[in-house]
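The values are calculated or read from the model by the stated rules, or taken from the named source; none is laboratory data. Because the structure is a prediction, the values reported are computed rather than measured. Note that we place each Cβ from the backbone using ideal geometry, even for glycine, and neighbour counts take in every protein chain shown.
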Amino acid sequence: RDDAHPYCSRVCCGEAVKNALKIKERSPDTQVFVLYRDMRTYGLVETYYEKARELGVVFIRYDEDNKPKVIQKKSENKRDLLSVSVYEPIIGEQLSIDTDLVVLSAAVVPPEENKILAQMLKVPLNEDGFFLEAHAKLRPVDFTTDGVFVCGMAHAPKSIEESISQAYAAVSRACTILSKGKIEAEGIVASVDEKMCTGCGTCVKLCPYGAIAKNELGVAEVTAVLCKGCGLCAASCPERAITIPHFTDEQIISQTNAFLERVIA
């Protein structure tokens, strides 16, 4: 974790501990050091951590402001080796560890292609670049765009077991759509007056559901099955070419005036 990637990759610590255990099982006399900033072996992976300590794996915690350094040098027999220099805060000393192998636990970083895919599917990304679900509790594998679902590391760093469980959930949600004979659209759907629309594209950019696109005439067109009637397009249209049934400007103004008349009276 750093300023560029403030999130935890979740799998790094667990895999490092498992690899250390594998080395100890194959070669018990091999010295294994694990340098860490925060050891996050959550769930049952904690048992691997405890077992690794019992087998003699040395865990050294380093400070974020004083990170370990890898130095290439020659051994006594003129052999090239890597030496790791790390400050041990408990004993307050700088340690130098000569190694045969240095393994870096690489972070899970979202690909740049996520931005392109997000634009194509009209789905959001979070601040770290992973795909953002509609609701973490109520709709954990759904997007705000109907019929598009997320699972695995496209959503966030997670283990294989967690990815499989989320994949099952995504498949189940997809089946709820495929099992229906027809899809029911929302009762309130935005409509565009083609004579007033100038094709500026403001509504296309702002629609959170990807329900608006320009047609062959260059004017906005609403896909009814995707529209949720939120009214964002109508509120942002500079030409007032979009209306929401039962929520026209005249109706809202009339409701406001009626309310104010009662309050004043």
Any hit, region 196-204, residues being part of a loop (DSSP other than H, G, I, E, B) and polar (S, T, N, Q): yes
Cys8, sole failed condition from (1) assigned to a loop (DSSP other than H, G, I, E, B); (2) in contact (Cβ under 8 Å) with a residue 60 or more places away in the chain; (3) in contact with a strand residue (DSSP E or B) (Cβ under 6 Å, 6 or more places away or on another chain): (3)
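So that you can scan it fast, the table gives a plain yes or no per residue for (1) within 24 Å of Glu162 (Cβ to Cβ); (2) loosely packed, with under 15 Cβ neighbours inside 10 Å; (3) modelled with pLDDT of 95 or more:
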| position | (1), (2), (3) |
| --- | --- |
| Leu21 | yes, no, yes |
| Phe33 | no, no, yes |
| Ala52 | yes, no, yes |
| Tyr62 | no, no, no |
| Val70 | no, yes, no |
| Arg79 | no, yes, no |
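Taking region 119-150, which residues are in a loop (DSSP other than H, G, I, E, B) and among the polar types (S, T, N, Q)? If you could, list the steps in order and put the result at the bottom.
As a first pass, look at region 119-150 and keep what is in a loop (DSSP other than H, G, I, E, B): 122-124, 126-130, 132-134, 136-138, 140-141, 143-148, 150.
The answer is Asn126, Thr144, Thr145.
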Residues being touching a residue at least 24 places away in the same chain (Cβ under 8 Å) and in a loop (DSSP other than H, G, I, E, B) - total across region 151-169: 5
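Would it be correct to say that Val45 is in contact with a Gly (Cβ under 7 Å, 6 or more places away or on another chain) and closer than 30 Å to Asp142 by Cα? Quick ask: steps written out before the conclusion?
Details: in contact with a Gly (Cβ under 7 Å, 6 or more places away or on another chain): yes; closer than 30 Å to Asp142 by Cα: yes.
Answer is yes for this residue.
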Those residues of region 96-123 which are of a type outside the set (Val, Ile, Thr), more than 17 Å from Gly152 (Cβ to Cβ) and free of Cβ contacts under 8 Å to residues at least 60 places away in the same chain, in sequence order: Ser96, Asp98, Asp100, Leu101, Leu104, Glu112, Lys115, Gln119, Met120
Of the criteria (1) modelled with pLDDT under 90; (2) surrounded by 14 or more Cβ atoms within 10 Å (Cβ to Cβ); (3) under 19 Å from Thr248 (Cβ atoms), which one Pro208 fails: (3)
